[in-house]
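Structure record follows, encoded as structure tokens.
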Amino acid sequence: VQLQASGGGLVQDGGSLRLSCAASRSIRSTQYMAWYRQAPGKQRELVAGITSGGATNYADSVKDRFTISIDNAQITVYLQMNSLKPDDAAVYYCRWRTASYDYWGQGTLVTVSS
């Protein structure tokens, strides 16, 4: 299984982006999907996660600005990012966890200009 992340780019302070993470095929026994980010010189951190049942969790720094969702086929997970700030600039990675495996996508770069 491969995960393809896309949607990153350059946006102005206060702007919006929508990230997508598409699995190459339906993944059985999916438990949890998430977006992480890593800024230069910092550790990778959890941004938002969603269970196969739809329960979500968010980092405090993005609550009320970011929304994670999945499509009905549970093949693509999205991250809608609104009111972006320079501190949100990072490489964003998607993660897909099942009962047996832990998949990571390649990163997509988000740059926020002030």
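The values are calculated or read from the model by the stated rules, or taken from the named source; none is laboratory data. Because the structure is a prediction, the values reported are computed rather than measured. Cβ coordinates were reconstructed from backbone atoms using ideal geometry, including for glycine residues, and neighbour counts include every protein chain displayed. Areas reflect the complete protein model, heavy atoms only, side chains present, ligands, DNA and RNA absent. Shrake-Rupley method; radii C 1.70, N 1.55, O 1.52, S 1.80 Å.
Structural remarks
- Some residue of region 52-60 being modelled with pLDDT of 95 or more, closer than 28 Å to Ser113 by Cβ and open to solvent by 60 Å² or more (accessible area, probe 1.4 Å): yes
- Taking the criterion of being closer than 24 Å to Leu10 by Cβ and among the polar types (S, T, N, Q), the residues of region 76-112 that qualify are Thr76, Gln80, Asn82, Ser83, Gln106, Thr108, Thr111.
- Residues being in contact (Cβ under 8 Å) with a residue 24 or more places away in the chain, open to solvent by 40 Å² or more (accessible area, probe 1.4 Å) and in a strand (DSSP E or B) - total across region 96-114: 6
- Within the set Gly49, Gly15, the sole residue that is in contact with a strand residue (DSSP E or B) (Cβ under 9 Å, 6 or more places away or on another chain), surrounded by 13 or more Cβ atoms within 10 Å (Cβ to Cβ) and over 20 Å from Thr98 (Cα atoms) turns out to be Gly15.
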